[in-house]
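The values are calculated or read from the model by the stated rules, or taken from the named source; none is laboratory data. This is a predicted model, so every value here is computed, not measured. In this analysis, Cβ positions are derived from the backbone assuming ideal geometry, glycine residues included, and neighbour counts consider all displayed protein chains.
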Amino acid sequence: MPVFQEIYRSPAGRVFQKKGNIMTGVARYFMITGVLSVLAGMIWGIQMSASGDHGLSPAHAHLNLLGWVTCAIYAVYYHVVPTASDGPVPVVHLAVTVSGLILIVPGIVMALTGQGETLAKLGSVLCLLSMVIFSFVVLKGAPSRVSSQAAKAS
Ligand code: HEM
Ligand code: HEM
């Protein structure tokens, strides 16, 4: 099967290869975070529907919105713009995003059940930081495509 390959050069001059139909690196980890979040979020949604208790729906909502929607958008961006994965920033971005998610969801549950808001506050600051980092990734510069070809997969 032919694999569509593109070679990009980042603003810093490093060369990146993208195989059009394969998601790799930080993009793949964001997508894995997304699908794990939405699987858990949908099971939680079905559990809420079945029990008739919608009390924790904001936590379910933000698991889906920050875990699935936001991370899937990050994943697609890193895939479509492979030079965005340049340097250590995307790895920090992934770590901050996953930490924020892990804190904010139980944090919202705790806030809703009167067990304090500290975790929710910490999680929300990390989620905001994640978006700030992403803004820098998006704004840091446009890649230049060096070459594009369809190659035969080995
Ligand atoms: C199997 C899939 C899902 C089920 C069964 C489900 C179920 C539910 C239920 C029962 C509620 C509470 C509704 C209420 O009390 O008014 C809710 C709220 C919500 N869900 Fe889901 N959900 C699912 C997937 C998703 C996904 C994938 C997303 C986002 C991408 C999402 C976003 C939301 C949001 C934003 C709310 C809050 C709505 C509001 O407060 O007005 N849900 N969901
Ligand atoms: C730092 C991140 C975020 C914080 C701290 C935050 C906080 C909140 C709060 C306090 C509410 C009101 C909940 C209630 O009245 O029960 C809310 C509702 C909502 N937020 Fe967020 N949010 C964040 C990110 C997002 C993102 C990224 C999306 C969409 C992609 C989103 C979509 C919504 C929606 C649809 C609602 C209404 C549904 C609901 O009441 O649960 N939020 N959010």
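Just a few scattered comments:
- Residue match in segment 29-48 (condition: touching a Gly at 6+ places or on another chain (Cβ under 7 Å), without any contact (Cβ under 8 Å) to a residue 60 or more places away in the chain and more than 14 Å from ligand 1 (Cβ to nearest atom)): no
- Against the conditions (1) closer than 17 Å to Ile133 by Cβ; (2) of a type in the set (A, V, I, L, M, F, W, C); (3) within 11 Å of ligand 2 (Cβ to nearest atom), Ala84 satisfies every one except (3).
- Hits in segment 114-128 - residues which are in contact (Cβ under 8 Å) with a residue 12 or more places away in the chain and more than 10 Å from ligand 2 (Cβ to nearest atom): Leu119, Leu122
- The lone exception for Val132 - which of (1) modelled with pLDDT of 95 or more; (2) more than 21 Å from Leu65 (Cβ to Cβ); (3) assigned to a helix (DSSP H, G or I) it fails: (2)
- Against the conditions (1) away from ligand 2 (no atom under 16 Å from the Cβ); (2) under 21 Å from the mean Cα position of the chain (by Cα); (3) modelled with pLDDT of 95 or more; (4) not polar (S, T, N, Q), Ile46 satisfies every one except (2).
- Test: residue in segment 25-47 that is small (Gly, Ala, Ser) and either exposed (fewer than 14 other Cβ atoms within 10 Å of the Cβ) or out of contact with any helix residue (DSSP H, G or I) (no Cβ under 8 Å at 6 or more places or on another chain) (or both): no
- Scanning segment 57-69 finds no residues that are out of contact with any strand residue (DSSP E or B) (no Cβ under 9 Å at 6 or more places or on another chain), among the β-branched types (Val, Ile, Thr), farther than 13 Å from Val105 by Cβ and more than 9 Å from ligand 1 (Cβ to nearest atom).
- Subset of segment 102-140 (residues that are surrounded by fewer than 12 Cβ atoms within 10 Å (Cβ to Cβ), at negative phi and over 22 Å from the mean Cα position of the chain (by Cα)): Thr113
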